[in-house]
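Worksheet: one structure, shown below.
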Amino acid sequence: MDFEAIWEDQLRFNRNFFDPATVQDDKDRFAHLNNFYTLAAHKELSEALDTVHWKIHRREYKKPVKSNTLEELIDVFKYWMTLVQLHGFTPEEIEAEYYRKSAVVEQRHLQEMCRNLQDEDAVVAVDIDGVLADYPRSFLEFINQELGTAYTIDQVTSYDIYSCLGIPPEIGLSIKNKYRETGQKRFIPVLPGAREFLLRLKAAGYTIVLITARPYEQYSRIYADTLEWLARNDLPYDYLVFHEKKEEYLIDMVGKDAIRFFVDDVAGNANSVSRLGIPCYLITRPYNMGADLKENVTRINKLEEIQV
């Protein structure tokens, strides 16, 4: 299929109704067109549904006509293309986002629908930010770029980064929002020894579960950005788990007896795990130096110290 030819054909027709280059400048007209084409796409989906027997509570003697169904689905496709063009996206952006989204869908299916982890008996759970990814240093550099400051990681002495630096919360949250929305997590440097540690785990026969509380439900792109970062840096793993209460979710899904140990940079998380009798390694960072660590929590300075 020559998608670009189809794209250009639809674009030529749409220019009868709006100029893709300027339509977003008129907010009221843009909103009107967006509403209209979205409703039109919904209407065409309903008409496609009506070409087949779909009422499970009725006996219908409707003979499906495939050509009718195809015609309605083409209408849906044309309205979809119109919406995409209205928003100013390009075929290249559509292709890239399609594959990013496909990777996310497959990973979500693995996390939410497949229960293969229940059969594992040698699971190691590894946090991403602060353990594998050089965060919050990368965010700190973004703050410096935005504010023209020169903060250093040694100044981040608690998990409340804005309080440590004297940044008003509303300004800090605005910068954090921009950091997430612009996909900066794709480019976070990998911490020294991170890939080598994961390779050692694989060689020892462990099932590697990467766990993160990154807010992908609030910022949809974070899921795909994380997958891209993992692939870009060739970091080996078996499962990727996104959850606000990541440790609790993994323990519930796997069972604590199957988990050999956790690796984290947040003392509170490490202590929560330790209370269940699961060993946890806390990698030393400026923001966890003064933490009171519970039994089963071992402080380390680098991942090489973990014997696998």
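Check segment 64-74 and report whether any residue there is under 32 Å from the mean Cα position of the chain (by Cα) and outside the structural domain of Phe242 (by TED's automatic domain parsing). Working first, answer last.
In the first step, residues of segment 64-74 are kept if they are under 32 Å from the mean Cα position of the chain (by Cα); the result is 73-74.
Next cut, outside the structural domain of Phe242 (by TED's automatic domain parsing) only: 73-74.
Within segment 64-74, one or more residues are under 32 Å from the mean Cα position of the chain (by Cα) and outside the structural domain of Phe242 (by TED's automatic domain parsing).
Does Gln145 qualify as being under 30 Å from Ala213 (Cα atoms) and touching a residue at least 24 places away in the same chain (Cβ under 8 Å)? Spell out how you get there, then give the answer.
Numbers: under 30 Å from Ala213 (Cα atoms): yes; touching a residue at least 24 places away in the same chain (Cβ under 8 Å): no.
The answer is no for Gln145.
Yes or no: Thr22 under 18 Å from Phe77 (Cα atoms), among the β-branched types (Val, Ile, Thr) and assigned by TED's automatic domain parsing to the domain that holds Phe77?
Judged against the criteria, Thr22 is not a match.
Which of the residues belonging to segment 1-42 are surrounded by 14 or more Cβ atoms within 10 Å (Cβ to Cβ) and out of contact with any helix residue (DSSP H, G or I) (no Cβ under 8 Å at 6 or more places or on another chain)?
Phe36
In segment 9-24, is there at least one residue being part of a helix (DSSP H, G or I), in contact with a Lys or Arg (Cβ under 9 Å, 6 or more places away or on another chain) and of a type in the set (D, E, K, R)?
No, the conditions are met nowhere in segment 9-24.
When you go through (1) outside any loop (DSSP other than H, G, I, E, B); (2) surrounded by 11 or more Cβ atoms within 10 Å (Cβ to Cβ) one by one for His53, which number turns out not to apply?
For His53, the exception is condition (1).
For segment 78-96, name all the residues that are hydroxyl-bearing (Ser, Thr, Tyr), part of a helix (DSSP H, G or I) and either in contact with a Cys (Cβ under 9 Å, 6 or more places away or on another chain) or within 15 Å of Ala5 (Cα to Cα) (or both). Even if it seems obvious, please write down each step before you answer.
Step one: filter segment 78-96 for residues hydroxyl-bearing (Ser, Thr, Tyr), giving 79, 82, 90.
From what is left, the residues that are part of a helix (DSSP H, G or I) are 79, 82.
Residue satisfying the conditions is Thr82 alone.
Out of segment 255-295, which residues are part of a loop (DSSP other than H, G, I, E, B) and farther than 19 Å from Asp121 by Cβ? Working first, answer last.
So the first thing to find is which residues in segment 255-295 are part of a loop (DSSP other than H, G, I, E, B), and the list is 255, 265-266, 275-279, 284-285, 289-295.
The answer is Asp265, Val266, Arg275, Thr284, Arg285, Met289, Gly290, Ala291, Asp292, Leu293, Lys294, Glu295.
Scan (1) of a type outside the set (S, T, N, Q); (2) under 28 Å from the mean Cα position of the chain (by Cα); (3) surrounded by fewer than 11 Cβ atoms within 10 Å (Cβ to Cβ) for the single condition Gly88 breaks and write down its number.
With (1) of a type outside the set (S, T, N, Q); (2) under 28 Å from the mean Cα position of the chain (by Cα); (3) surrounded by fewer than 11 Cβ atoms within 10 Å (Cβ to Cβ) applied to Gly88, the lone miss is (3).
Residues in segment 82-95: is at least one within 30 Å of Val254 (Cβ to Cβ) and not assigned by TED's automatic domain parsing to the domain that holds Asn233?
Looking through segment 82-95, none of the residues is within 30 Å of Val254 (Cβ to Cβ) and not assigned by TED's automatic domain parsing to the domain that holds Asn233.
Can you find a residue in segment 70-79 that is touching a Phe, Trp or Tyr at 6+ places or on another chain (Cβ under 9 Å) and within 27 Å of Leu49 (Cα to Cα)? Can you show your working first?
First pass over segment 70-79, keeping only residues touching a Phe, Trp or Tyr at 6+ places or on another chain (Cβ under 9 Å): 78-79.
If we keep only those that are within 27 Å of Leu49 (Cα to Cα) as well, we get 78-79.
The answer is yes; a qualifying residue exists.
Out of (1) part of a helix (DSSP H, G or I); (2) surrounded by fewer than 10 Cβ atoms within 10 Å (Cβ to Cβ), the odd one out for Lys63 is which?
Failing condition for Lys63: (1).
Yes or no, residue by residue, for (1) under 21 Å from the mean Cα position of the chain (by Cα); (2) surrounded by 13 or more Cβ atoms within 10 Å (Cβ to Cβ); (3) part of a strand (DSSP E or B):
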position	(1), (2), (3)
Val126	yes, yes, yes
Val131	yes, yes, no
Glu141	no, yes, no
Glu146	no, yes, no
Ala150	no, no, no
Asp154	no, no, no
Tyr159	no, yes, no
Tyr162	no, yes, no
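The values are calculated or read from the model by the stated rules, or taken from the named source; none is laboratory data. What you are looking at is a predicted structure, and each value in this text was computed from that prediction instead of being measured. Note that each Cβ is placed from the backbone with ideal geometry, even for glycine, and that neighbours are counted across all protein chains shown.
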